[in-house]
Amino acid sequence: YNSEAIYPLANHIEPPSKDLPSDVMKIYNEAVSVFKLSPKSAAALLRLALQKLLNHLGLSGDINEMIKQKVSDGVGKKIQQAMDLVRYIGNQAVHPGMIDFDDDKDIAFLLFRLINIIAKELITIPSEIDSLFENIIPVKLKDSIAKRDNK
């Protein structure tokens, strides 16, 4: 209508990481579906997606506490910053704050990318390395490595 797609809602949002748990992927896709109509809603949903992702990784508590736990576990500074960006921007979407989503949809748009970056770092890469290690390193060498590392 008037040169704008009404349905489907056109966007250039990247698809969710295939490694996201199904409940997180469902929230991500819901955020995609509402982004054009309400970037605030999308940002809030992506904050929820991060919280559910951290729950999936075995963490509990509020989202800030779970990020703190990941930092204690040795997560890299850039991933910590990505998680804090999603947390902060998502919080600003539901509480009055400094971000005006009506004027700056680009900020909410970036959260989709951040969720995929976080998933890649916390799920995809560890899974790929575990698989390679399991399938390539002989059992004797794994035993030797475990002894070396006192495990």
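Just name the residue that is most open to solvent (accessible area, probe 1.4 Å) out of those in the range 46-58 that are touching a residue at least 40 places away in the same chain (Cβ under 8 Å) and assigned to a helix (DSSP H, G or I). Per the stated criteria, the residue is LEU48.
Could you say which residue among LYS77, LYS68, LYS52 is among the charged types (D, E, K, R) and closer than 20 Å to ILE13 by Cβ? Just one listed residue meets the conditions, LYS52. What number of residues within the range 59-70 are open to solvent by less than 70 Å² (accessible area, probe 1.4 Å) and in a helix (DSSP H, G or I)? Number satisfying all stated conditions: 5. So which residues in the range 21-45 are more than 15 Å from the chain's Cα centre (by Cα), outside any helix (DSSP H, G or I) and of a type outside the set (Lys, Arg), if there are any at all? Listed by number, the residues that qualify are LEU37, SER38. When each of LYS52, LYS36, LYS40 is tested for being under 23 Å from ILE125 (Cα atoms) and either of a type in the set (D, E, K, R) or at pLDDT below 95 (or both), the lone residue that passes is LYS52.
In this structure, LEU85 qualifies as within 15 Å of the chain's Cα centre (by Cα) and more than 15 Å from SER41 (Cα to Cα). I'm checking my understanding of the structure. Among residues of the range 105-151 that are of a type in the set (Val, Ile, Thr) and open to solvent by 40 Å² or more (accessible area, probe 1.4 Å), which one is farthest from VAL24 (Cα to Cα)? Result: VAL139. Being small (Gly, Ala, Ser) and touching a helix residue (DSSP H, G or I) at 6+ places or on another chain (Cβ under 8 Å) is the filter here; which residues of the range 31-52 pass it? Hits for the range 31-52 are ALA31, SER41, ALA42, ALA43, ALA44, ALA49.
The values are calculated or read from the model by the stated rules, or taken from the named source; none is laboratory data. Note that the coordinates shown come from a computational prediction; the quantities given were computed from them, not determined experimentally. Cβ atoms come from the backbone with ideal geometry, glycine included; neighbour counts cover every protein chain shown. What goes into the accessible areas is simple: the full protein's heavy atoms, side chains included, and nothing from ligands, DNA or RNA. Shrake-Rupley method; radii C 1.70, N 1.55, O 1.52, S 1.80 Å.
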